[in-house]
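Just so it is clear, none of the values below were taken in a lab; they were calculated from the coordinates. Owing to the predicted nature of the structure, the values given are computational and were not obtained by experimental measurement. No Cβ is skipped: glycine too gets one built from the backbone with ideal geometry, and neighbour counts run over all protein chains shown.
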Amino acid sequence: MQEIEGIEFFDRLYDLLTDHKKQLFSKLVKDRTRHIAWLADNLYHEQNASAIIRTADCFGFCEIYVLEDKYRYKVNEEIAMGAQKWVCPKALHVENGKYESALNIIKSKGYRLIAASPHASGNTLEDLDLSAPLCIALGSERHGLHPEIMQQADGFVMIPMVGFTESLNVSVTAGILMYRLRKRLTEENIPWQLTPEQEKEQLFEWAVKTIPNAHKMIKRWLEEKTKNT
């Protein structure tokens, strides 16, 4: 695992937080998980992207990837309610409409790629195998999941529906999936918690986003270290 730049100054930076923030971060990090990640494919409406980020934070999910081909990921701060500070989406750029390299990045992290689609024969939320890490792909509002994602998927998950409408809004789909799968993680004997190293990385990321001028301080500390070596 590649070390996060500046994390060697973790203690130095973390000491700058208030006691309240330290206690809050230490409590919330215990409920964070990377066991299930999320992939948003070319979301057009910033309202949906922001709602997914907010929901992910509420249910303790750390890892969100955003595929950017035709559209760029944007945050609507009124909808996200600051969640983008605690869950930072990782943009994966699609070159020339080819998804393979971006999807390989996700699979190289040990995730099985699971496509959420009402039009594919797949598992339900009750029988989806959670024994190994997985990344659930959510389709765009206009076109659903890209055909290459469907082809590269290791499996599928669906939310059964009984109405005339064929599909849910993508942010609603994300909310249902996140709630139910989070519930299963906590109820079943699945090692979903962060490792001590991952906890430290998460705490460091939150500290950087909380402390004013944190990036400038880390840059200065790194320069001082270089001069002294």
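Miscellaneous remarks
- Cβ-based net charge around Phe61, under 9 Å, with every Lys or Arg adding one and every Asp or Glu removing one: +1
- Separation in nanometres of the label points that stand 7 Å from Cα toward Cβ, at Glu126 and Ser167: 2.5 nm
- FRET efficiency for Glu199 and Arg220, using Cβ-Cβ distance with R0 set to 22 Å, rounded to 0.05: 0.25
- Net charge in the neighbourhood of Pro196 (other residues with Cβ under 14 Å of its Cβ; Lys, Arg +1, Asp, Glu -1) is +1.
- Counting only lysines at least 8 places from Lys200 when in the same chain, those with an alpha carbon closer than 20 Å to its own are Lys21, Lys22, Lys27, Lys30, Lys85, Lys90, Lys109, Lys209, Lys219.
- Across Lys30, Lys21, Lys216, mean-square fluctuation computed from a Gaussian network of the chain (C-alpha pairs under 10 Å connected) peaks at Lys216.
- Cβ-based net charge around Asn123, under 13 Å, with every Lys or Arg adding one and every Asp or Glu removing one: -1
- Approximating the spin labels as points 7 Å out from Cα along Cα→Cβ, the Ile4-to-Gln151 distance works out to 3.6 nm.
- Since only Pro147, Gln84, Ile190 are under comparison, the one whose Cα sits farthest along the positive direction of the charge dipole of the chain, derived from C-beta charges on Lys, Arg, Asp and Glu, is Gln84.
- Shape of the stretch 155-197, Cα gyration tensor, a/c cut at 1.5: prolate
- Under 20 Å from a label point set 7 Å out along the Cα-to-Cβ vector of His119, the amide N atoms of the stretch 127-152 belong to 136-152.
- Cα-projected label distance for Arg12 with Ala91, points at 7 Å along beta-carbon direction, nm: 3.0 nm
- Helix 196-210 axis, angle to the chain major axis (alpha carbon atoms, nearest 10°): 80 degrees
- Normalised alpha carbon radius of gyration of the stretch 83-229 [divisor 2.2 N^0.38 Å]: 1.32
- Ordering of 199-209, 53-63 by packing [mean C-beta count within 10 Å, highest first]: 53-63, 199-209
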